[in-house]
1. When chain A is modelled as a GNM with alpha-carbon springs shorter than 10 Å, which of A:LYS137, A:LYS174, A:LYS100 fluctuates the most?
2. Whole-Hz Karplus ³J(HN,Hα) for the range B:65-75, in order, using 6.51 cos²θ - 1.76 cosθ + 1.60 and θ = phi - 60°, x for Gly and Pro?
3. Please report the spacing between the Cα centers of the range B:93-133 and the range A:82-138 in Å, no decimals.
4. Read phi for every residue in the range A:57-63 and hand back ³J(HN,Hα) as whole Hz from Karplus 6.51 cos²θ - 1.76 cosθ + 1.60, θ = phi - 60°, with x for Gly and Pro.
5. If I take the Cα coordinates of chain A and project them onto the principal axes, what are the three extents in Å, biggest first?
6. What is the set of long-range amide H partners of A:ALA196 at a cut-off below 5 Å, with H atoms built 1.01 Å from backbone N?
7. Determine, for B:ILE142, B:ILE107, A:ILE124, the number of other Cβ atoms within 10 Å of each Cβ, and report the residues in order from fewest to most.
8. What percent do you get for the relative contact order of chain A when only Cα pairs under 8 Å and 6+ apart count?
Amino acid sequence: MNFKTITTAVALVGASIALAACQGTAGYEPNPYDSMDGGIWSGYKTASVETQAMQNDDFENPAMPWVDAAAELYDKADGEANVSCADCHGAPDDETGGLKHIPMKGVGASYPAFDPETNKPINIEMRINQCRTKYQKAKAYKYESDEMLGMTGLVAMQSRGMERVSTADFPDDKLNAFWKKGEEFYYQRRGQLDLACSNCHEDNPGNMIRAERLSQGQSNGFPTYRLKWQKPGSLHRRFRGCNKNIRAQPYGYGSDEYMNLETYLAWRGRGLPIEAVSVRK
Amino acid sequence: MKHAKLMTAAFGLALAGTIATGAQAAELVNYKIVDETIPQSLTGKPGDAAKGKKIVIHRKKGNCLACHVMPIPEQQFHGLTGTDLNGVGSRLDEATLRMRLVDPKVINDGTMMPSFYKTGQHRVLKKFIGKTILNAQEVEDIVAYLMTLK
């Protein structure tokens, strides 16, 4: 006899009893999402109407001051090389990609990419810093600095509405080994509460965990303006938060572990439209 | 299966001894698992149901409401990822409830429910290394409270 099957059945029965017994209980909110579709969806769906409205309108989006400040930096010559981002790439929305023919459009939809210099995945933040140190010969931005968050937002925004692509699951994809490690991380229980990402975001999307409605934990909105943070934050900040909430020791910003996880999450979210800069609770 | 679990409990003990540096590590009491239950009280003392109710609500202790609906209407927002605990005291006996709290993975190794009286999980935040979420008496208090949910 398979015990798991029994307990799952019990849990299911329990859940329907809960539904029957608790209609009208204050604060009790059933999951309206699990039956809507089994496919992938963005955390936008479980955000409140007010939060969605902020994201829908750039004049209301509280992340825009960071992006505007970054747009100025984008045009400003900097570093020993005294060049700006625009000198090489053209305007952020220049689809021909300026002098070097490398447009910002599409970056947010396809990163993390494989970086032949380090033989590792590279995300937008790390690419920005590579351009700063290598081409501008300027100082790298700190990972979670206002400049970096704004610049990442500016770059990612150029892919708004584009579908996330990833072929990292193909055995001959250069990211494949990193994708695999990311997948292991995603399913590994950790922390004093002994939970894996999958326990919350794969097994329970749409469900309430106390007052929070769980989403699938997708990365298509990052960087994200969180009302709780009162500023935009990176995906790695979110990873650290989700780790600390279950009393697990977080990894560092830009660490290999989080880069693998980011590579894996991008794959999980393939097909989702890029939303940067999203707004969440 | 049960042997393995006993060994894990012992391993947890060993870890608590070696890693926890000074900062009052929880001394895990020995308990015996019989048919996926723990028949004996962890402390030898009866639990206090009123205290148990406070602990299940407390967000840094049981925080059971994160996942369970319970007959505590004065608290807003009950989570839905776990079973409704209304009437659980009639469905399950004390020994099973104790097992559920101490280490529910013995009953269902795929469960989302944390083990409230166990150490040795992967990558525990430094300040919690070697510590259990609840102490033995708190487990007993919750068991006593759950038994009142008839």
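Each reported figure results from applying straightforward, stated rules to the coordinates on display, with no laboratory input. Given the structure is predicted, the values throughout are model-derived calculations rather than measurements. Glycine also receives a Cβ, built like all others from the backbone with ideal geometry; neighbour counts cover every protein chain displayed.
1. A:LYS100
2. The phi angles translate into 5, 4, 10, 10, 7, 9, x, 10, x, 6, 9 Hz.
3. 46
4. Listing the rounded values in order: 10, 4, 6, 9, 5, x, 7 Hz.
5. Extents along the principal axes, in whole Å: 68, 42, 31.
6. A:ARG190
7. On the way: B:ILE142 28, B:ILE107 17, A:ILE124 25.
Ordered from fewest to most neighbouring Cβ atoms within 10 Å, B:ILE142, B:ILE107, A:ILE124 come out as B:ILE107, A:ILE124, B:ILE142.
8. Working: 471 pairs, mean separation 65.4, N = 281.
Contact order relative to length: 23 percent.
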